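Trainee: Have a look at this one before I ask anything.
The values are calculated or read from the model by the stated rules, or taken from the named source; none is laboratory data. These numbers come from a predicted model, not from an experiment. We place every Cβ from the backbone using ideal geometry, glycine too, and count neighbours over all the protein chains shown.
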Amino acid sequence: MRTSIKDAKRIVVKVGTSTLTHENGKINFARLDKLSEVLSDLANEGKEIILVSSGAIGIGAAKMKWTHRPVSVVERQAAAAVGQSELMHLYSKFFGEYGHVVAQILLTSDVFEKPVLRKNVQNSFNKLLSQGIVPIVNENDPVATDEIEGEKSIGDNDTLSALVAKNVHADLLILLSDIDGFYTDNPKVNPDAILIDHVDDLTDDLLNNAKGAISALGTGGMSTKLKAAQIVMQEGIDMVIAHGEHPNVLYKITKGELIGTWFKGKQDE
């Protein structure tokens with residue numbers, strides 16, 4: 001059933017903060033290393049890999065030895081600035097050990113709204129990928145307060161990854177999260193919740209049936225992942241939600257195995 005995923009060449013992978021850090025907020029070096037290894041290996045297979053990575057604010061706060069999650073705009077800016085450089089340093093180190101160069105691309109919402117900027121970014125991605133370089137993407141929080149405050153922001157990295165996938169004409173978007181996929185209800189409170197194997201169309205009935213899962217997980221949870229699905233599916237791009245605890249799962253996903261939930265991109269009739 002997942003033949004189109006097996007054939008995907010240009011792949012956007014999004015990882016959340018929970019995938020990159022331990023519960024205490026500190027960096028999970030083993031998982032970061034493994035993620036870099038697997039993505040490098042997929043690139044060696046001939047896949048074009050783009051990584052959208054969260055974690056800058058959380059990692060920055062930990063590096064600054066803050067015992068609280070930054071709340072104010074200025075705190076989040078400072079944490080993002082420190083954390084983003086630390087994150088890229090680690091990615092450069094780990095990917096380098098597996099023979100791959102990485103590049104940082106920080107985006108804001110106006111990039112996707114203005115045709116000239118959008119084209120410039122597309123050209124950057126295409127050139128980097130043609131050179132075998134792995135672009136690593138995040139929202140530009142340190143300098144754009146409106147991004148952090150949410151007034152003009154992309155809002156979250158699920159949506160950001162979908163916009164990137166759309167604009168680089170990706171074949172597949174993979175969201176690695178702390179949940180196995182899209183359920184009929186919140187599996188953390190309802191043991192009878194069923195994991196949905198694949199979604200061909202995000203109907204109102206489907207969304208309403210899963211409202212428990214959406215509301216319980218909140219911002220950055222399932223609601224943003226469904227928004228991402230809506231963006232890419234209408235562009236003919238497949239999307240998979242899967243648990244990111246073990247990055248090796250990416251091998252199974254890209255081989256078309258029944259992992260997580262597959263949101264099938266619409267095909268021209």
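Trainee: Can you pull out every residue in the range 168-201 that is aliphatic (A, V, I, L, M) and crowded, with 17+ Cβ neighbours inside 10 Å?
Mentor: 168, 170, 172, 173, 174, 175, 176, 179, 196, 199
Trainee: Still on this structure: Output the number of the condition that residue 57 fails; it satisfies all remaining conditions of (1) within 19 Å of the chain's Cα centre (by Cα); (2) at pLDDT 90 or above.
Mentor: All conditions pass for residue 57, except number (2).
Trainee: Mind listing whichever residues of the range 9-23 are crowded, with 21+ Cβ neighbours inside 10 Å and in contact with an Asp or Glu (Cβ under 8 Å, 6 or more places away or on another chain)?
Mentor: 11, 14, 16, 19
Trainee: Say we look at the range 91-106 and pick out the residues that are over 11 Å from residue 33 (Cα atoms) and surrounded by fewer than 17 Cβ atoms within 10 Å (Cβ to Cβ); which of these is nearest to the chain's Cα centre (by Cα)?
Mentor: Ranking the qualifying residues of the range 91-106, first place goes to 104.
Trainee: Would you mind listing the helices (runs of 4 or more DSSP H) fully within the range 107-223 where at least 1 residues are within 19 Å of the chain's Cα centre (by Cα) and modelled with pLDDT of 75 or more?
Mentor: 109-113, 115-130, 157-167
Trainee: If you don't mind, another one. Out of the range 44-98, which residues are assigned to a loop (DSSP other than H, G, I, E, B) and farther than 30 Å from residue 251 by Cβ?
Mentor: 64, 65, 66, 67, 68, 69, 70, 71, 72
Trainee: Any residue at all in the range 66-73 that is over 24 Å from residue 257 (Cα atoms) and hydroxyl-bearing (Ser, Thr, Tyr)?
Mentor: Scanning the range 66-73 turns up at least one residue that is over 24 Å from residue 257 (Cα atoms) and hydroxyl-bearing (Ser, Thr, Tyr).
Trainee: Restricting the search to the range 224-265, which residues are in a strand (DSSP E or B) and under 14 Å from residue 12 (Cα atoms)?
Mentor: 238, 239, 240, 241, 242
One line per residue, one yes/no per condition, for (1) β-branched (Val, Ile, Thr); (2) buried (at least 20 other Cβ atoms within 10 Å of the Cβ); (3) in contact (Cβ under 8 Å) with a residue 60 or more places away in the chain; (4) touching a Ser or Thr at 6+ places or on another chain (Cβ under 8 Å):
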{"site": "74", "(1), (2), (3), (4)": "yes, no, no, no"}
{"site": "79", "(1), (2), (3), (4)": "no, yes, no, no"}
{"site": "86", "(1), (2), (3), (4)": "no, no, no, no"}
{"site": "130", "(1), (2), (3), (4)": "no, no, no, no"}
{"site": "136", "(1), (2), (3), (4)": "yes, yes, yes, yes"}
